[in-house]
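Notes follow the structure.
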Number of protein chains: 2
Amino acid sequence: MSDTKVYLLDGGSLVIDGFHAFWNRGPGGELRFPCYAVLIEHEDGRYIFDTGYDYDHVQRVLPFEKPIQSKEQTIPGQLAKIGLRTDDINYVINSHYHFDHCGGNKHLNKACTICHTKELEACGCHQPFEHLGYSDLTFAPEIARKAGKPLPPDPVLDMYTPTFQTLTGDQEIAKGLWLFETPGHTAGHYSLMVELKNRRPMLFTADACYSQKNMDMMCISSFHLDPVASLKSMQRLKELAEKHDAELFYSHDPESFTGYQKDAAYYS
Amino acid sequence: MSDTKVYLLDGGSLVIDGFHAFWNRGPGGELRFPCYAVLIEHEDGRYIFDTGYDYDHVQRVLPFEKPIQSKEQTIPGQLAKIGLRTDDINYVINSHYHFDHCGGNKHLNKACTICHTKELEACGCHQPFEHLGYSDLTFAPEIARKAGKPLPPDPVLDMYTPTFQTLTGDQEIAKGLWLFETPGHTAGHYSLMVELKNRRPMLFTADACYSQKNMDMMCISSFHLDPVASLKSMQRLKELAEKHDAELFYSHDPESFTGYQKDAAYYS
């Protein structure tokens with residue numbers, strides 16, 4: 001039985017406007033930010049928390065987000081660096097189903113997918129203003145078909161029937177692996193805390209808080225289903241970090257990301 | 001008993017970013033838009049629906065909205081053009097209490113102020129992200145004091161105790177004068193429909209819909225308490241206009257505003 005290890009898998013970058021990153025504050029202008037996945041090697045199996053975006057999808061549906069992603073910055077590319085194949089992954093956890101957090105799910109088709117019950121429901125019947133967020137449903141072809149969403153032509157997707165495990169409430173899904181409800185950005189958003197032997201717990205905010213600057217300003221992003229809930233979730237993350245002496249890892253923070261360990265380096 | 005007349009009182013203009021006007025759509029960049037009040041001469045008395053912004057307040061608290069307002073574009077200035085004084089106004093109706101809709105209330109201190117119950121509550125205990133919206137509480141000095149909000153030094157405000165009539169639900173407050181609940185932009189937002197003898201009813205959206213372009217795109221503004229409710233309210237306005245064969249008058253529409261009758265001209 002080995003200690004839990006955490007790898008950050010670089011997934012390239014995207015561009016949004018400053019008014020997207022900092023709701024009604026800005027300033028406006030292009031802001032390039034990183035996307036990444038989290039690989040957790042746990043005694044119960046290998047988990048991946050979020051899977052970044054799919055380059056072709058963004059180029060087709062949201063080219064104005066100007067994706068920059070090398071082959072190495074895909075899920076298969078990042079796993080190869082650690083000597084793993086996509087079939088080695090046992091569980092995918094999705095914080096939520098925006099395209100830049102589930103674009104790599106389709107590569108992990110042996111894994112069981114874990115998410116919040118409300119989030120899976122939202123994929124098929126979201127608000128009109130969430131249309132672009134939920135535009136990449138390749139991770140769940142059946143839902144995409146039922147919702148009348150286009151799927152890219154791909155014989156693999158025709159065969160692919162993912163297994164889901166849906167949850168509600170806070171959950172310790174494996175020893176030291178905690179999911180905390182942080183809704184607002186979307187209907188069923190989860191943040192993840194990983195307890196490790198040799199360091200402080202890592203608390204992955206996902207899109208409940210894009211960056212340290214959002215947290216410092218208590219300013220949510222412009223993409224949200226419920227701004228009041230979003231703000232409460234950000235406050236909750238702050239309190240959880242304090243309570244557990246955890247380090248916050250933000251989802252889209254250009255500054256913080258440069259200081260994170262990447263590639264084959266890991267936290268343990 | 002004379003027919004109801006409607007005057008539009010030009011209140012100058014402000015600037016916001018395109019990402020404010022069209023939530024998550026943009027494009028970004030400065031957008032200058034008009035603010036105006038609506039004067040209704042009714043057999044029951046003189047009503048003013050919304051009162052625009054106070055130039056000094058905006059310069060002090062939100063100078064980045066670059067106010068342009070002449071002396072003629074204040075409430076006293078606009079009333080003078082029609083041969084009225086501020087004391088001639090019997091009722092102020094506020095769609096909501098954002099600074100650009102209640103800045104002129106303080107001039108109308110003989111009037112009874114009508115608003116949604118939830119909106120008056122929101123003034124004293126709104127969400128943090130609504131701070132700038134609810135920044136001008138000179139219309140209700142007591143609420144401002146209780147909420148710890150600064151008031152400009154003004155001996156008149158010290159004396160001023162406005163009377164309020166708060167409502168909930170849709171209401172015909174006088175014959176042919178309808179208030180329709182359109183929440184989302186704020187907690188207790190009202191739109192106003194005025195039935196006239198010689199033309200289609202006028203349906204003033206207030207900030208439930210800034211402009212024709214917002215309506216065409218079904219795109220709400222970035223300033224909102226609840227985006228889902230906002231969208232429903234916009235849909236509701238569309239249906240009300242259809243049902244009553246009413247003409248929609250938008251709150252901040254640079255294009256539509258040029259076609260509206262202003263100054264001493266009136267609708268009847």
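The values are calculated or read from the model by the stated rules, or taken from the named source; none is laboratory data. Computed from a predicted model, the values in this text were never measured in an experiment. Note that each Cβ is placed from the backbone with ideal geometry, even for glycine, and that neighbours are counted across all protein chains shown. With ligands, DNA and RNA removed, areas are computed over all heavy atoms of the protein, side chains included. Shrake-Rupley method; radii C 1.70, N 1.55, O 1.52, S 1.80 Å.
Using helices alone, what [θ] at 222 nm do you get for chain A, with -39,500 (n - 2.57) per DSSP H run of 4 or more residues, divided over all residues and rounded to the nearest 500?
-6500 deg cm²/dmol
When only the heavy atoms of the protein chains count and the probe is 1.4 Å, how do A:Phe164, B:Phe64 rank by accessible area, highest first?
Order by accessible area, largest first: B:Phe64, A:Phe164.
Per residue of B:16-28, what is the mean number of Cβ atoms on other protein chains within 10 angstrom of that residue's Cβ?
Across B:16-28, the average partner-chain Cβ count within 10 Å equals 5.
Which distances, in nm and shortest first, link the B:Glu43 label point to the same label point in every other copy, taking 7 Å along Cα→Cβ?
Relative to the other copies, B:Glu43 has label-point distances of 8.5 nm.
What's the magnitude of the charge dipole for segment A:112-155 around its Cα centre, counting Lys and Arg as +1 and Asp and Glu as -1 at the beta-carbon? Answer in Debye, nearest 20.
120 debye
Using a label position 7 Å from Cα in the Cα→Cβ direction, what is the ascending list of nm distances from B:Asp216 to the same site in the other copies?
4.2
Let me check I've understood the local charge: for A:Leu231, count other residues with C-beta under 15 angstrom from its C-beta, Lys and Arg +1, Asp and Glu -1. What total comes out?
-3
Is the shape of segment A:5-257 rounded, prolate or oblate, going by the alpha carbon gyration tensor and its root eigenvalues a ≥ b ≥ c, with a/c under 1.5 for rounded and a/b larger than b/c for prolate?
rounded
Just check segment A:1-110 against the gyration tensor rule for me: Cα atoms, a ≥ b ≥ c as the square roots of the eigenvalues, rounded for a/c under 1.5, and otherwise prolate or oblate depending on whether a/b exceeds b/c.
prolate
Can you tell which of A:Gly28, A:Met217, A:Tyr7 lies farthest toward the positive end of the dipole of the protein assembly as shown, using +1 and -1 charges on the Cβ of basic and acidic side chains (Lys, Arg; Asp, Glu)?
Towards the positive end, the residue furthest out is A:Gly28.
Between B and A, buried accessible area summed over both sides at probe 1.4 Å, in Å² to the nearest 100?
Interface area, both chains combined: 1400 Å², rounded to the nearest 100.
Collect residues whose amide H, placed 1.01 Å from N in the peptide plane, falls under 5 Å from the amide H of A:Leu167; neighbours closer than 5 in sequence don't count.
For A:Leu167, the qualifying residues are A:Cys115, A:His116, A:Thr117.
Give the accessible surface of chain B per residue, rounded to a whole number of Å², with probe radius 1.4 Å and ligands, DNA and RNA excluded.
41 Å²
Go through B:Ser221, A:Ser268, A:Ser70 and list them by solvent-accessible area, largest first, probe radius 1.4 Å.
These residues rank, largest area first, as A:Ser70, A:Ser268, B:Ser221.
Dipole of the protein assembly as shown, Cα-centred, from +1 at each Lys and Arg C-beta and -1 at each Asp and Glu C-beta, to the nearest 20 debye?
In total the dipole reaches around 180 debye.
Projected onto the charge dipole of the protein assembly as shown (+1 at Lys/Arg Cβ, -1 at Asp/Glu Cβ, origin at the Cα centre), which of A:Gly104, B:Ala187, B:Ile93 gives the Cα projection farthest towards the positive end?
Looking along the dipole axis, the top candidate is A:Gly104.
In nm, one decimal, shortest first: how far is the label point of B:His131 (7 Å from Cα along Cα to beta carbon) from the matching points in the other copies?
3.4
Within chain B, what whole-number % of the accessible surface is contributed by carbon and sulfur, with the 1.4 Å probe and all protein chains included in the calculation?
Solvent-exposed carbon and sulfur of chain B make up 51 percent of the total.
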